[in-house]
Amino acid sequence: MENTTSGIYIIMGVSGVGKTTVGKLLAEKLDLPFFDGDDYHPDHNIIKMASGKPLNDGDREDWLKSLNILAKEQAQKSGCIIACSALKEKYRTKLEQGLNNPPHWIYLEGSFEVVYKRLKNRKDHYMPPGLLQSQFDTLEIPENALTFNVEHSPKTVIEMILQSLKDLSEFGVLGLGVMGKSLCRNFASMGVRISMYNRHVPGKEENIALNFKKKHQELENTLAFDELHKFVGSLQQPRKILLMVNAGPAVDDVISELIPLVSKNDTIIDGGNSHYEDTSERERKLSEHGISFIGCGVSGGEEGALKGPSIMPGGNYNAYEKVKPFLEKIAARDKKGKACCTYVGRSGSGHFTKMVHNGIEYAEMQLLAELYQILRTKGNNPDEIASILADSENKMQSYLLEITIDILKKKEGDAWLIDKILDKAGNKGTGNWTTIATAKLGTPSTMIASSLFARYISAFKDDRIAVGKMLPVEVSAVKISDDIILEAYQLARIVNHIQGFKLLNEASKSYDWSLNLSETARIWTNGCIIRSTLMEKLVDILRKEEDLIHHSEIISSIKQLKPSLTRVVAKSIESNQPVPCLSEAINYLNAISHSNSPANLIQAQRDYFGAHTYQRIDDEPGRFHHTEW
Ligand code: NDP
């Protein structure tokens with residue numbers, strides 16, 4: 001256990017319960033100074049109690065203030081043990097005011113009879129036993145304290161306290177939505193002791209964590225909170241807190257709430273789909289407070305999060321080292337049993353990698369949609385398409401292919417469900433971000449862009465209906481064998497991966513991230529949405545060649561499959577079928593393998609209207625010319 005013993009410990013309970021004895025023993029064990037709260041009462045309080053009169057809230061005001069100052073002073077050092085009755089919740093609030101980390105509350109409980117007997121035997125104390133009833137009347141039993149019965153011997157109580165301190169959670173998950181919940185269950189099943197937190201919104205979001213805990217047996221040993229400071233206080237230090245909230249302002253809101261509660265050297269991990277530039281900025285901001293920040297891509301959806309996601313953490317390496325064992329525990333395993341989790345690189349590289357993962361996913365999905373469309377217009381029903389795809393599975397397995405087969409087979413009564421689903425695709429923005437990033441970096445990830453725009457076009461359903469009336473398209477069947485169609489799909493997927501990894505490589509160079517592309521492919525072989533046998537092959541290929549299109553095996557696949565892709569795209573266009581992603585694949589291949597392009601005309605046009613100059617093929621490279629056109 002790392003440094004869990006520092007901090008402020010307040011031993012509370014009614015007079016006579018044994019706070020001083022236990023406090024002193026604990027101080028010895030934890031090697032911290034001990035302070036007896038009774039020593040901080042002003043004289044008038046002592047006189048009042050000695051005369052048999054109970055203290056009221058006003059009497060306790062200055063006393064609580066002094067103890068709060070003491071706690072704050074000691075918190076600047078390594079902490080301390082304070083024995084203090086702290087009977088009411090509002091007293092406890094006063095005691096912890098302004099403390100960066102809430103104190104560990106240790107409540108010593110005992111029945112009136114037991115405590116009364118003890119008080120009667122106590123000599124040289126100003127508090128008469130007769131006041132005990134008023135203490136019990138005032139006592140509000142704390143909800144967030146470690147509680148121990150004083151009928152045990154002080155030695156046993158100390159042993160129990162030390163055990164409970166050891167039992168502080170190793171890891172915290174904040175945000176119990178779809179992903180947060182699955183990840184919590186995953187952590188708990190892997191034996192990680194976690195604390196879980198979801199915000200409390202009166203009337204809307206109440207007891208989310210507690211109710212969730214009650215629903216799943218594996219969560220039995222977890223701690224559930226809807227008060228942030230208690231959640232933070234329940235974690236071993238240095239703390240590790242995984243945020244699973246919606247990307248955007250929610251992440252900043254939660255970070256702002258956490259900053260005053262966490263300490264230097266704690267690590268916050270953002271496991272949502274945040275934008276990589278936001279992640280870099282958040283890392284910078286948190287580093288000003290000495291807090292580490294990891295921007296961590298998590299892929300696999302709800303089921304992946306539960307059974308083992310693919311995890312892409314980026315940020316400070318030392319911070320990663322602290323969270324690595326936890327992330328690796330819940331990650332999916334590759335074929336060799338290694339965790340599908342690797343340190344991606346500095347700064348926002350983890351979230352960038354996750355973004356590109358999603359971009360590749362967009363194109364993989366669009367390709368399957370185009371494949372489905374071509375096979376459907378050939379007259380196949382969804383079951384028949386499912387069986388064509390299933391036959392191809394031995395050649396090219398992928399998670400997305402598997403789920404597509406399932407989807408196509410799904411029926412509602414006699415009808416296929418797919419036929420009842422509106423053809424308007426939504427998106428949550430990561431395809432958009434990838435398209436912007438690829439444009440920013442000057443890298444042609446054309447298939448990702450085209451699949452994003454295909455979703456946008458699909459969303460204009462009313463327009464499509466209206467324009468379709470004015471420009472009716474007669475869709476006809478592509479008269480090509482299923483095998484050739486599948487080969488076209490196979491090659492388009494390869495091109496999609498060539499483009500996706502090229503985007504990662506260009507980003508790595510531009511941002512100086514030193515990304516290991518083979519490792520990236522490896523952690524994408526399981527747990528994530530784009531896992532496939534192709535990805536497994538790429539692990540080895542990328543070890544030898546960063547730019548996939550230069551690898552001999554890729555070149556030979558292109559040579560073999562390109563005629564099929566060309567035919568399928570040409571025939572689809574002739575049949576009035578939109579195939580934006582398949583056609584981008586063949587266009588890219590044609591463009592990237594043409595040593596001569598018509599860009600000489602572009603350069604001439606730029607020079608004509610904007611005097612942007614051009615280079616000549618009959619002059620040295622790097623020399624620029626201008627013509628008065
Ligand atoms: P949900 O919408 O299911 O859950 C969001 C969670 O964030 C809820 O617990 C919500 O609390 C909490 N939250 C939102 N705003 C705040 C706030 N201001 N303060 C505190 N808590 C807040 O989202 P998901 O679990 O699906 O996704 C979480 C993140 O993971 C997102 O970034 C998402 O893009 C990413 N992701 C999602 C995947 C998926 O398949 N769903 C896959 C991979 C990544 P409350 O319940 O109180 O509203």
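Quick query: amide H of ILE269 versus all other amide H atoms, modeled in the peptide plane; which residues come in under 5 Å with a sequence gap of 5 or more or a different chain?
It is ILE241, LEU242, LEU243, ILE294, by chain and number.
So if I take the centroid of the Cα atoms in the stretch 487-546 and the same for the stretch 134-160, what is the distance between those two points in Å?
58
On the first, second and third principal axes, largest extent first, how far apart are the outermost C-alpha atoms of the stretch 350-482 in Å?
46, 44, 31
Rounded, prolate or oblate: which one fits the stretch 201-251, using the alpha carbon gyration tensor with axes a ≥ b ≥ c (rounded when a/c is under 1.5, else prolate when a/b beats b/c, else oblate)?
Since a/c reaches 1.5 but b/c is at least a/b, the shape of the stretch 201-251 is classed as oblate.
Mind listing the long-range amide H neighbours of HIS612? Cut-off is under 5 Å, sequence gap 5 or more, other chains count too, H placed in the peptide plane at 1.01 Å from N.
Those lying under 5 Å, H to H, from HIS612 are ASP607.
First check a/c for the stretch 423-543, with a ≥ b ≥ c the square roots of the eigenvalues of its C-alpha gyration tensor; if it is under 1.5, answer rounded, and if not, answer prolate when a/b is larger than b/c or oblate otherwise.
oblate
Where does helix 276-287 land angle-wise versus the long Cα axis of the chain, in degrees 0 to 90, nearest 10?
20
Could you go through the stretch 586-592 in sequence order and give the Karplus-derived ³J(HN,Hα) for each residue, using 6.51 cos²θ - 1.76 cosθ + 1.60 with θ = phi - 60°, rounded to whole Hz, and x for Gly and Pro?
For the stretch 586-592, the Karplus curve yields 6, 4, 5, 4, 5, 5, 6 Hz.
Can you give the log10 of the normalised intensity I(q)/I(0) at q = 0.17, 0.20, 0.21 Å⁻¹, computed with Debye over equal Cα scatterers of the stretch 478-534?
The Cα Debye sum returns log10 ratios of -0.67, -0.82, -0.87.
Taking the Cβ of ASP278 as the centre, find all other residues whose Cβ is under 12 Å away and add up their charges (Lys, Arg: +1; Asp, Glu: -1).
Net of charged neighbours comes to -2.
Just to confirm a number: summing +1 for Lys and Arg and -1 for Asp and Glu over residues other than SER182 whose beta-carbon lies under 12 angstrom from that of SER182, what do you get?
Local charge sum for SER182: 0.
Report, ordered by chain and residue number, the aspartates and glutamates lying within cross-link reach of LYS338, taken as a straight Cα distance under 12 Å and ignoring same-chain residues fewer than 8 apart.
GLU328, GLU519
Given a cut-off of 27 Å, name the pairs among LYS264/LYS324; LYS215/LYS420; LYS72/LYS285; LYS214/LYS307 whose C-alpha atoms lie farther apart than that in the structure shown.
LYS215/LYS420
Give me the percent relative contact order of the chain, please, defined on Cα pairs under 8 angstrom at least 6 residues apart.
10
Using the basic label-point model (7 angstrom from Cα toward the beta carbon), what is the GLU257 to LYS409 distance in nanometres?
Taking the two extended label points, one gets 4.4 nm.
At 7 Å along Cα-to-Cβ for each site, give me the label-to-label distance between GLU620 and ARG122 in nm.
Distance between label points: 9.4 nm.
Hey, can you find the accessible area per residue of the stretch 338-396 for me, probe 1.4 Å, expressed in square angstrom?
30
Explain nothing, just the number: relative contact order of the stretch 243-362, from Cα pairs under 8 Å at least 6 residues apart, as a whole percent.
25
Straight-line reach from LYS166: which aspartates and glutamates have a Cα under 14 Å away, not including same-chain ones fewer than 8 places off?
Result set, ordered by chain and number: GLU2.
Relative contact order for the stretch 1-133: what percent, with Cα pairs under 8 Å and sequence separation of 6 or more?
Relative contact order here is 44 percent.
Nearest 10 degrees, 0 to 90: what angle lies between the long axis of helix 57-76 and the longest principal axis of the chain (Cα atoms)?
On a 0 to 90 degree scale, this one is about 50.
Please tell me which of these pairs span more than 20 angstrom C-alpha to C-alpha: LYS19/LYS88; LYS424/LYS502; LYS29/LYS117; LYS502/LYS537?
LYS424/LYS502; LYS29/LYS117
Using +1 at the C-beta of Lys and Arg and -1 at the C-beta of Asp and Glu, which of ILE541, SER572, ASN587 has the Cα lying farthest in the positive direction of the dipole of the stretch 485-629?
Positive-end residue among those listed: SER572.
Cα axis of helix 112-121 to longest principal axis of the chain: angle in degrees, 0 to 90, nearest 10?
So the inclination is approximately 50 degrees.
So if I take the centroid of the Cα atoms in the stretch 568-629 and the same for the stretch 285-299, what is the distance between those two points in Å?
Cα centroid of the stretch 568-629 versus Cα centroid of the stretch 285-299: 42 Å apart.
What residues have an amide H closer than 5 Å to that of GLU109, excluding those fewer than 5 places away on the same chain, when H is modeled at 1.01 Å from N in the peptide plane?
For GLU109, the qualifying residues are PHE148, ASN149, VAL150.
³J(HN,Hα) across the stretch 335-347 via Karplus (A = 6.51, B = -1.76, C = 1.60, θ = phi - 60°), whole Hz, x for Gly/Pro?
Along the stretch 335-347, the couplings run 4, 8, x, 7, 5, 7, 8, 8, 5, 7, x, 5, 6 Hz.
Keeping all protein chains in the complex and leaving out DNA, RNA and ligands, what accessible area do you get for PHE34 with a 1.4 Å probe, in Å² to the nearest 10?
Using a 1.4 Å probe on the heavy atoms, I get roughly 50 Å².
Evaluate 2.2 N^0.38 Å with N set to the residue count of the chain, then give the Cα radius of gyration divided by it.
It is 1.28.
Under 16 Å Cα to Cα from LYS90, which lysines show up? Leave out anything in the same chain fewer than 8 places away.
Cross-link targets: LYS65, LYS230.
Excluding GLU61 itself, calculate the net charge of residues whose Cβ lies under 12 Å from the Cβ of GLU61, where each Lys or Arg counts +1 and each Asp or Glu counts -1.
+1
How many percent of Cα pairs in the stretch 492-629 exceed 17 Å?
When all Cα pairs of the stretch 492-629 are counted, 71 percent exceed 17 Å.
Tabulate in residue order the Karplus-calculated ³J(HN,Hα) for the stretch 429-441, using 6.51 cos²θ - 1.76 cosθ + 1.60 with θ = phi - 60°, rounded to whole Hz; enter x for Gly and Pro.
Each residue's phi maps through the Karplus curve to give x, 6, x, 4, 4, 5, 5, 5, 5, 5, 5, 4, 7 Hz.
Nearest 500 deg cm²/dmol is fine: what mean residue ellipticity at 222 nm does the chain get from its DSSP H runs of n ≥ 4 alone, each adding -39,500 (n - 2.57), divided by its residue count?
Mean residue ellipticity at 222 nm (helix-derived): -16500 deg cm²/dmol.
The values are calculated or read from the model by the stated rules, or taken from the named source; none is laboratory data. Since we're looking at a predicted model, the values are computed, not measured. For neighbour counting, all protein chains shown are included, and Cβ atoms are generated from backbone atoms with ideal geometry for every residue, glycine included. Note: accessible area is taken over every heavy atom of the protein model, side chains too, but ligands, DNA and RNA are not part of it. Shrake-Rupley method; radii C 1.70, N 1.55, O 1.52, S 1.80 Å.
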